[in-house]
1. Report every pair of residues separated by at least 6 positions or lying on different chains whose Cβ atoms are under 6 Å apart, first residue within segment 7-23 and touching a residue at least 40 places away in the same chain (Cβ under 8 Å), second assigned to a loop (DSSP other than H, G, I, E, B) and of a type outside the set (A, V, I, L, M, F, W, C).
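The values are calculated or read from the model by the stated rules, or taken from the named source; none is laboratory data. Computed from a predicted structure; not experimentally measured. No Cβ is skipped: glycine too gets one built from the backbone with ideal geometry, and neighbour counts run over all protein chains shown.
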Amino acid sequence: MAGSLLRIREIDPDFPIVYMTGGHSDEWKSQGVPNSILVEKPFAPAQLVTAISQLLNAGSTPV
C-alpha cells in the first residue's frame with residue numbers, strides 16, 4: 001500500500017491521503033505529511049468521515 005501512495009504522490013503531490021495507524025502516531029505528528037490526516041485506531045466511523053471531509057474541503061476552490 002505504501003508504494004501505491006508514493007506513486008500517487010509522484011503524479012499529484014497534493015493528492016489528499018488519510019492514514020490509519022495503531023501506533024507510531026507521535027512520529028507522524030512530528031514529521032508531518034502535507035495534505036494528509038492521521039486517524040488513530042480504534043476510531044469511530046464519524047471520525048473517518050470527518051477526516052475525509054476536512055481533506056476534501058481543504059482542496060476545494062470556489063467557482
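1. Pairs found: 14/35; 16/35.
Let's see how each residue does on (1) at pLDDT 85 or above; (2) of a type outside the set (Lys, Arg):
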site: 4; (1), (2): no, yes
site: 29; (1), (2): no, no
site: 33; (1), (2): no, yes
site: 49; (1), (2): yes, yes
